[in-house]
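Undergrad: Take this structure, written in structure tokens, and hold onto it; I'll ask about it next.
Every number here is computed from the coordinates shown, using simple stated rules; none is lab data. Just so it is clear, the model here is predicted, and its values are computed rather than measured. Reconstructed Cβ throughout: ideal geometry from the backbone, glycine too, with neighbour counts over all protein chains shown.
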Amino acid sequence: MQEILKELDRRRDLAKLGGGEKRIEAQHRRGKLTARERIELLLDENSFEEWDIYVEHRCTDFGMGDNRIPGDGVVTGYGMINGRLVFVYSQDFTVFGGSLSEAHAEKICKVMDHAMKVGAPIIGISDSGGARIQEGVASLGGYAEVFQRNVMASGVVPQISMIMGPCAGGAVYSPAITDFIFMIQDTSYMFVTGPDVVKTVTHEIVTAEELGGAKTHTGKSGVADLAFENDVDAINRLRRFFDFLPLNNRSDVPERPTQDPADRLEKSLDSIIPANPNKPYDMKAVIGKIVDESDFFEIQSDYAKNIIIGFARMEGSTVGIVANQPLVLAGCLDIQSSIKAARFVRFCDAFSIPLITFVDVPGFMPGTAQEYGGIIKHGAKLLYAYAECTVPKITVITRKAYGGAYDVMASKHLRGDVNLAWPTAEIAVMGAKGAVEIIFRQDLDDAEKIERRTEEYKEKFANPFNASRRGYIDDVIQPSKTRKRICRSLVMLKTKQLENPWRKHGNIPL
Ligand code: HXC
């Protein structure tokens, strides 16, 4: 028996070495952790249960028959993050460059299937040269099996992708389907075709980092949600992020004890809106003053900064925050911000996370770039997402809510549950100046008349009371009491029940 146990240890130790000491050293020299080290750091101590450590590929072509490494380039299993279940897979670059073989894909599929069965999130760590070239179409089939599961899991369990090395070719489409993509500065990249192919086809000369590094995808393309400094920073932040997420689409949002009183008044909010309506202020400061312990986990913070999205807690329970940012493009809605917020709203809706929307929006962004780019279709995504969603929706209009953007930003008409306004709110078809220039065009050369008309328009519409009279706003509140009012509304909405009509699925304007 002792011999058998020794043999077991020997096999395990061998498997744990992956591609061997030399390749592990090379991984460390690049500033990267190994697949196993990443899992160790991500999961609670001693909570990792590894599966399929002895799985090997079945390829015999190109000398692969004599080249088998237990585990086959991916470490899979489950464990806990702060006591909550999660399934993980972590590609091991030290084994065949983390490339995906048929067996490697089967390992990933196994944990995905189990995650779906028990209702737990999946975290995938990518560090891979893509399809295992020696396996040809078997590897492509393996990818497609993963994609299919990604799609089936979408909206059922949260899926998070950590890109911690290369992720190229069709391999990018698995992370692309998942709910969140995080990257590491300087050591991770994602692209459909690499710099060499780009050079051949389009004659552009570009580095891998410029083409698909963390900065590119968090700032330019919007493909990734956040970029972290290094592996350790990324994993620590991921653990914090995970705490906000429900385990699946039937579980409640996680709750965590808080010392922050629900009825805390925040006096500074009474003076945060500048007297001049054209002067911006930082909406992130507003959010910080309202949510539990100022703990706001912003995502996509470097992309479409005119809208803010992220998670926070109210009375200990997770909420999703969407807010216009007057500091950037005056908080206008454009193509990028509409898409960014729409996807977030849909995530929250899928996982029963109540939405709090802070509105200060002068309208949709004008211009040929926006129209040619399809703002009509893209803006409609946000409208569709808000109109479709059935989670509790609380809206606070802090200042401007003009035109179509008023409708879109979780208005009463899109089934907003509680719609509040600060006394500084201006709810109208457009700003006073623009409105007067259109409806009193004949008086344009009479400055005095125009001035009078503008004042008249402001008095009539640049306030929240016109909308309140119609019940479009449930109450005009003192800004300092916003937290208290939101907390009470959330308690009232805890048992909200609302169902959309049966359909196979809607047809969101993609
Ligand atoms: C098999 C691979 C591999 C792959 C890397 N390796 N990629 N083995 N299949 N796809 C092996 C290398 O042979 C090498 O083995 C080891 O992994 C480390 O690779 P290096 O090249 O030494 O590392 P590095 O210099 O860091 O370069 C990393 C890399 C490069 C940029 C990822 O390896 C590379 O370009 N690989 C090929 C990428 C690629 O074209 N993949 C297919 C994409 S198409 P040894 O034994 O020498 O250490 C695709 C389609 C998916 O993925 C479709 C889904 C629908």
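Undergrad: The conditions are (1) in contact with a Phe, Trp or Tyr (Cβ under 6 Å, 6 or more places away or on another chain); (2) at positive phi; (3) of a type outside the set (Gly, Ala, Ser), and residue 315 fails exactly one of them. Which is it?
TA: Every listed condition holds for residue 315 apart from (1).
Undergrad: Search region 255-280 for residues that are over 22 Å from residue 244 (Cβ atoms) and pair each with any residue that is of a type in the set (Phe, Trp, Tyr) when their beta-carbon atoms are under 8 Å apart and the residues are at least 6 apart or on different chains.
TA: 272/281; 273/281; 273/422; 274/281
Undergrad: Condition first: touching a strand residue (DSSP E or B) at 6+ places or on another chain (Cβ under 8 Å) and under 23 Å from residue 315 (Cβ atoms). Now tell me which residues in region 350-373 satisfy that.
TA: So in region 350-373, the residues touching a strand residue (DSSP E or B) at 6+ places or on another chain (Cβ under 8 Å) come out as 353-365, 370.
Hits for region 350-373 are 353, 354, 355, 356, 357, 358, 359.
Undergrad: Inside region 128-139, can you point out the residues that are of a type in the set (Ser, Thr, Tyr) and in a strand (DSSP E or B)? Reasoning before the result, please.
TA: Keep residues of region 128-139 that are of a type in the set (Ser, Thr, Tyr), which gives 128, 139.
Across region 128-139, there are no qualifying residues.
Undergrad: Return the residues of region 84-103 that are away from the ligand (no atom under 11 Å from the Cβ) and of a type in the set (Gly, Ala, Ser); say none if nothing qualifies.
TA: Within region 84-103, 90, 103 qualify.
Undergrad: Here is a further query. Working only within region 130-167, note down all residues that are more than 9 Å from the ligand (Cβ to nearest atom) and basic (Lys, Arg).
TA: 149
Undergrad: Checking the structure you have, find out if any residue of region 266-273 is acidic (Asp, Glu), within 23 Å of the chain's Cα centre (by Cα) and either surrounded by fewer than 18 Cβ atoms within 10 Å (Cβ to Cβ) or outside any loop (DSSP other than H, G, I, E, B) (or both). It would help to see each step written out before you state the result.
TA: Of the residues in region 266-273, the ones acidic (Asp, Glu) are 266, 270.
Subset that is within 23 Å of the chain's Cα centre (by Cα): none.
Within region 266-273 (the criterion being acidic (Asp, Glu), within 23 Å of the chain's Cα centre (by Cα) and either surrounded by fewer than 18 Cβ atoms within 10 Å (Cβ to Cβ) or outside any loop (DSSP other than H, G, I, E, B) (or both)), the answer is no, since none of the residues qualifies.
Undergrad: Suppose we filter 106, 56 for residues that are within 24 Å of residue 173 (Cβ to Cβ) and either of a type outside the set (Ser, Thr, Tyr) or within 16 Å of the ligand (Cβ to nearest atom) (or both); which single one remains?
TA: On the way: 56 fails: within 24 Å of residue 173 (Cβ to Cβ).
One residue alone meets the criteria, 106.
Residues are listed down the side, and each one gets a yes or a no for (1) without any contact (Cβ under 8 Å) to a residue 60 or more places away in the chain; (2) within 28 Å of residue 139 (Cα to Cα); (3) of a type in the set (D, E, K, R):
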position	(1), (2), (3)
4	yes, no, no
7	yes, no, yes
35	no, yes, no
41	no, no, no
49	yes, yes, yes
59	no, yes, no
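Undergrad: What number of residues in region 209-249 are part of a helix (DSSP H, G or I) and out of contact with any Lys or Arg (no Cβ under 8 Å at 6 or more places or on another chain)? It would help to see each step written out before you state the result.
TA: As a first pass, look at region 209-249 and keep what is part of a helix (DSSP H, G or I): 209-212, 214-220, 231-242.
If we keep only those that are out of contact with any Lys or Arg (no Cβ under 8 Å at 6 or more places or on another chain) as well, we get 210-212, 214-220, 232-234, 236-241.
The number of residues fulfilling the criteria is 19.
Undergrad: Specify the residue that is farthest from the ligand (Cβ to nearest atom); the eligible residues are those in region 168-178 that are among the small types (Gly, Ala, Ser) and touching a Phe, Trp or Tyr at 6+ places or on another chain (Cβ under 7 Å). Quick ask: steps written out before the conclusion?
TA: First, pick out the residues of region 168-178 that are among the small types (Gly, Ala, Ser): 168-171, 174, 176.
Adding the requirement that they be touching a Phe, Trp or Tyr at 6+ places or on another chain (Cβ under 7 Å) leaves 168, 170-171, 174.
Details: 168: 6, 170: 2, 171: 5, 174: 9 Å.
My answer is 174.
Undergrad: Name the helices (runs of 4 or more DSSP H) wholly within region 406-510 that hold at least 2 residues that are touching a helix residue (DSSP H, G or I) at 6+ places or on another chain (Cβ under 6 Å) and crowded, with 20+ Cβ neighbours inside 10 Å?
TA: Values: elements: 432-439, 447-461, 465-469, 482-493.
Passing ranges, in order: 432-439, 482-493.
Undergrad: Follow-up question, since we're still on this one. Scan 352, 301 and give me the residue that is in contact with a Leu (Cβ under 9 Å, 6 or more places away or on another chain) and surrounded by fewer than 22 Cβ atoms within 10 Å (Cβ to Cβ). Steps first, please.
TA: Details: 352 fails: in contact with a Leu (Cβ under 9 Å, 6 or more places away or on another chain).
So the residue among 352, 301 that is in contact with a Leu (Cβ under 9 Å, 6 or more places away or on another chain) and surrounded by fewer than 22 Cβ atoms within 10 Å (Cβ to Cβ) is 301.
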